[in-house]
Amino acid sequence: AAGNRSAASTVTVTTPDLTPPTAPSGLTATASATLAELSWGAAADDVGVAAYDVLRDGTVVATVAGTAYSDAAVQQGRTYAYAVRARDAAGNIGPSASRTVTVPDVTAPSTPTGLSAQALSWPTRVA
């Protein structure tokens, strides 16, 4: 019928978050004989950073909420390539910050075994 009107409706439109976070800033990496320690500055995101992925030699070894990570699964004398990337709640992954670190070898070599010595006799020389 003419002139009939329904009540107004409210429609909410949510646009997806397509913007990835920025790279973490100022990544530092230090190592002791048993530990590689990483720390970085927070990444920025339009919605907020949910977590950071920590990669060692290209493989994710941890996902952390804070801006530091300690890796105890390292071996003395090896060099590792670390990368840290931020992810937001929508699953967008930002660019990585990267750093290499060498774990020092502080283990003394073992004492050689099976050694023997023999005296040499030199002929006497008369001048």
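Restricting to segment 43-65, give me the number of residues that are under 15 Å from A89 (Cα atoms) and touching a Phe, Trp or Tyr at 6+ places or on another chain (Cβ under 9 Å).
The total comes to 5.
For first residues located in segment 1-18 and part of a loop (DSSP other than H, G, I, E, B), partners that are at pLDDT below 85 and lie 6+ apart or on another chain with Cβ distances below 8 Å do not occur. Looking across segment 30-88, the residues that are outside any loop (DSSP other than H, G, I, E, B) and basic (K, R) come down to R56, R85, R87. The set of residues in segment 53-92 being hydroxyl-bearing (S, T, Y), open to solvent by 40 Å² or more (accessible area, probe 1.4 Å), in contact (Cβ under 8 Å) with a residue 40 or more places away in the chain and over 21 Å from P20 (Cβ atoms) is empty. Check whether at least one residue in segment 87-101 is at pLDDT 90 or above, at positive phi and under 17 Å from the mean Cα position of the chain (by Cα), and report yes or no. The answer is no; no qualifying residue exists.
Do we find that A36 is closer than 30 Å to A108 by Cα, open to solvent by 70 Å² or more (accessible area, probe 1.4 Å) and hydrophobic (A, V, I, L, M, F, W, C) in this structure? No: the conditions fail for A36. Exactly one of these conditions fails for P95: (1) closer than 17 Å to G26 by Cα; (2) open to solvent by less than 80 Å² (accessible area, probe 1.4 Å); (3) of a type outside the set (A, V, I, L, M); (4) in contact with a strand residue (DSSP E or B) (Cβ under 6 Å, 6 or more places away or on another chain). Give me its number. Just one mismatch for P95, condition (4). A108 meets the conditions (1) at pLDDT 85 or above; (2) open to solvent by 90 Å² or more (accessible area, probe 1.4 Å) in every case but one. The failed one is (2).
The values are calculated or read from the model by the stated rules, or taken from the named source; none is laboratory data. Remember, predicted model here, so these are calculated numbers, not experimental data. FYI the Cβ positions are ideal-geometry reconstructions off the backbone, even for glycines, and counts take in every protein chain you see. Please note that ligands, DNA and RNA were not included when accessible areas were found on the heavy atoms of the full protein model with its side chains. Shrake-Rupley method; radii C 1.70, N 1.55, O 1.52, S 1.80 Å.
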